[in-house]
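Participant: Please find one structure pasted underneath; my questions will follow.
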Amino acid sequence: MEIIIGKNKKESIKKAVSIISKIVKKKPKSVLGLATGNTVIPLYKELVKKYKKNEINFSKVSTFNLDEYSGLSENDKKSFHYFMNKYFFNHVNISKKNIHFPNSNFKKYEKMIFASGGIDLQILGIGHNGHIGFNEPGSSFNSKVRKIKLSDDTRKFNYKFFRQSKSVPKHAFTMGIKTIMNSKKIILLAFGKEKAEAIAKTIHGKITTKVPASILRKHKNVIFIIDKKASGKLKQYHNKI
Ligand code: GLP
């Protein structure tokens with residue numbers, strides 16, 4: 001496990017972009033596992049900038065998104081697919097046929113990831129309760145792609161994206177914890193003091209299903225890239241940039 005603490009969000013994002021670029025350069029057919037949320041918006045913006053400067057090429061890249069709400073179409077402004085189109089896919093040369101999201105046919109999703117050769121790099125954010133993807137506390141470490149009921153806590157935090165309709169869906173599809181752990185490399189991003197508690201529990205606490213992200217410590221190639229504020233409750237500093 002590697003922990004990189006950037007002095008601010010910008011520096012942390014730079015580091016993540018540089019790792020992603022190296023991976024895609026080395027393997028143009030890379031399979032990327034992608035996340036949504038406020039945390040990753042600046043990451044996608046920087047990747048788009050890099051693409052526009054001809055410094056990264058996504059033409060052969062495949063993507064598998066972590067999760068998606070149940071019952072929302074890709075044209076629905078609240079769907080994660082819409083989010084991804086808006087911040088990333090519409091601005092780079094990823095081929096539409098290489099973009100994947102979990103849906104009601106979720107059993108096929110796990111097989112598709114496997115058939116693609118597996119995820120080379122999985123990008124993750126973290127929920128306030130330590131969730132990854134939509135694997136809420138209590139999710140089995142052996143879980144695979146499935147349909148889940150969202151916790152009230154997560155629905156409350158995601159309310160910000162649902163202001164107009166006032167109703168956050170009750171169900172979603174998500175990669176399981178095992179699906180995530182099968183990735184060859186994982187980068188978890190967390191910024192701001194509101195993530196400090198979840199990060200401290202993930203890194204110093206017991207490895208427990210109560211804090212889903214804590215299992216990442218068992219992964220042989222995981223990097224936590226966080227900013228100073230999200231590191232506020234860590235006992236000691238690790239690699240600073
Ligand atoms: C949602 C997503 C997670 C994401 C989390 C944090 O619940 N399903 O994949 O990590 O939100 O979101 P944010 O980055 O907006 O804090």
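The values are calculated or read from the model by the stated rules, or taken from the named source; none is laboratory data. Computed from a predicted model, the values in this text were never measured in an experiment. Cβ: placed from backbone, ideal geometry, glycine included. Neighbour counts: every protein chain shown.
Participant: Does H91 qualify as being surrounded by 20 or more Cβ atoms within 10 Å (Cβ to Cβ), farther than 17 Å from I126 by Cα and not hydrophobic (A, V, I, L, M, F, W, C)?
Facilitator: In short, no.
Participant: Now, a different point. Looking only at residues in the range 114-141 that are β-branched (V, I, T) and not in a strand (DSSP E or B), which one is farthest from the chain's Cα centre (by Cα)?
Facilitator: I119
Participant: Taking T63, is it crowded, with 17+ Cβ neighbours inside 10 Å and in contact with a Gly (Cβ under 7 Å, 6 or more places away or on another chain)?
Facilitator: For T63, the condition - crowded, with 17+ Cβ neighbours inside 10 Å and in contact with a Gly (Cβ under 7 Å, 6 or more places away or on another chain) - is not met.
Participant: Counting just the residues of the range 120-129 that are modelled with pLDDT of 95 or more and more than 9 Å from the ligand (Cβ to nearest atom), which one comes out surrounded by the most Cβ atoms within 10 Å (Cβ to Cβ)?
Facilitator: Among those that are modelled with pLDDT of 95 or more and more than 9 Å from the ligand (Cβ to nearest atom), it is Q122.
Participant: Let me confirm something: among A230, A198, which residue is in contact (Cβ under 8 Å) with a residue 12 or more places away in the chain, part of a loop (DSSP other than H, G, I, E, B), within 13 Å of the ligand (Cβ to nearest atom) and crowded, with 17+ Cβ neighbours inside 10 Å?
Facilitator: Going through A230, A198 in turn, the sole match is A230.
Participant: OK, next. Output yes when any residue across the range 47-61 is of a type in the set (G, A, S) and within 26 Å of K195 (Cβ to Cβ), and no when none is.
Facilitator: no
Participant: Please indicate, with yes or no, whether at least one residue in the range 69-86 is without any contact (Cβ under 8 Å) to a residue 60 or more places away in the chain, in contact with a Lys or Arg (Cβ under 6 Å, 6 or more places away or on another chain) and surrounded by fewer than 20 Cβ atoms within 10 Å (Cβ to Cβ).
Facilitator: No, the range 69-86 contains no residue that is without any contact (Cβ under 8 Å) to a residue 60 or more places away in the chain, in contact with a Lys or Arg (Cβ under 6 Å, 6 or more places away or on another chain) and surrounded by fewer than 20 Cβ atoms within 10 Å (Cβ to Cβ).
Participant: Search the range 46-101 for residues being small (G, A, S) and away from the ligand (no atom under 13 Å from the Cβ), and hand back the single one that is nearest to A172 (Cα to Cα).
Facilitator: G71
Participant: Give, as residue ranges, the strands (runs of 3 or more DSSP E) completely inside the range 142-195 that count at least 1 residues that are within 10 Å of the ligand (Cβ to nearest atom), among the polar types (S, T, N, Q) and buried (at least 22 other Cβ atoms within 10 Å of the Cβ).
Facilitator: 171-174
Participant: A follow-up question, please. Please give the helices (runs of 4 or more DSSP H) falling wholly within the range 1-107 in which 3 or more residues are basic (K, R).
Facilitator: 9-26, 41-52
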